[in-house]
Amino acid sequence: MTERYRPIFIRFRKGWQGWAFALIAFAAFLVLERWNFGMMRRYQLVKIDGRLGVGLLLCLVVTATLCWVYVWPTGRVSWRLKSSLSAGAALTMLAGVGGYHQLNAVLDSTRPEPRTFVIESLNCWSGRRHRPRLSLRPTDPIATGLTLELPARECRSSLPGDTVFVELKPGFFGSAWVARYTVVHRKH
């Protein structure tokens, strides 16, 4: 005996309810993406590492499994698998990256490690996909350089050769992040 495939339909009694649902869903999407990018800027990682990839993969697996068990508990296996993986991927893109940044920082209870850098170069141009950033050279020869994203106004007031004090924390998941920074301008 084969099971008949039944797609999920959301039916509204009145036409305006469908439009209201669509508008609320779109607003929720915009709020989630704004939060996502806000967390990435607030808890800036020193570098994108493999731990971020593992965290996102874990988020995908957990959300897909929850969708498999609770949202689509019956139906054809192939349809349930595609639907669960699609929903898991969408939720991971919407909230996984920002969630990783926030949890990595908020759960990190270690003391920050202060480091001193000098601005090597700066790019204060900003757009939808590009934030102003400073390329920093460490004063300690053993340490590695760092690229720091910051607000455009602060970038424009900085010059190459200015000193930047950065407090780094190792992160709960092991992804180092910038806890705080201070730009000290040279006297001209």
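The mean sequence distance of close C-alpha pairs (under 8 Å, at least 6 residues apart), as a share of the length of the range 102-158, puts its relative contact order at 28 percent. Based on protein heavy atoms only, the range 25-175 ends up with 61 Å² per residue of surface accessible to a 1.4 Å probe. The charge dipole of the chain, taken about the Cα centre with unit charges on the Cβ atoms of Lys, Arg (+1) and Asp, Glu (-1), comes to about 780 debye, rounded to the nearest 20.
The trypsin sites (Lys or Arg not before Pro) of the range 96-153 that meet both conditions, a loop assignment by DSSP and at most 10 other Cβ atoms within 10 Å of the site Cβ, are 128, 129. Shown in residue order for the range 153-166 are the 3J(HN,Hα) couplings computed by the Karplus curve 6.51 cos²θ - 1.76 cosθ + 1.60 at θ = phi - 60°: 4, 5, 5, 5, 8, 9, 9, x, x, 5, 8, 10, 9, 10 Hz (x for Gly and Pro). When shorter helices are ignored and each DSSP H run of at least 4 residues is given -39500 (n - 2.57), the per-residue value for the chain at 222 nm works out to -13000 deg cm²/dmol.
Between the listed residues 21, 168, 83, the Cα displaced farthest toward the positive end of the dipole of the chain, a dipole computed from Cβ unit charges relative to the Cα centre, is found at 21.
What percent do you get for the relative contact order of the chain when only Cα pairs under 8 Å and 6+ apart count?
22
So how much slack lies between residue 139 and residue 93, counting 0.36 nm per residue of separation and subtracting their Cα-Cα distance, in nm?
Full extension of this stretch gives 12.9 nm more.
Mind checking the alpha-carbon convex hull of the chain and giving the volume per residue in Å³?
In the chain, the Cα convex hull volume per residue is 153 Å³.
Report in % the part of the accessible area of the range 1-142 that belongs to carbon and sulfur, leaving out ligands and nucleic acids; probe 1.4 Å. The nonpolar share, carbon plus sulfur, comes to 64 percent.
Within the chain, 59, 67 have no other Cys Cβ under 4.7 Å of their Cβ and so lack a disulfide-compatible partner by this rule. Among the helices of the chain, those built from whole DSSP H runs whose Cα atoms reach 30 Å or more along their own axis and whose mean Kyte-Doolittle hydropathy is at least -1.0 are 15-42.
The values are calculated or read from the model by the stated rules, or taken from the named source; none is laboratory data. Here the structure is a predicted model, which is why all the values come from computation and not from measurement. Every residue, glycine among them, receives a Cβ derived from its backbone with ideal geometry; neighbour counts consider all protein chains shown. The accessibility values were calculated without ligands, DNA or RNA, using every heavy atom of the protein model including side chains. Shrake-Rupley method; radii C 1.70, N 1.55, O 1.52, S 1.80 Å.
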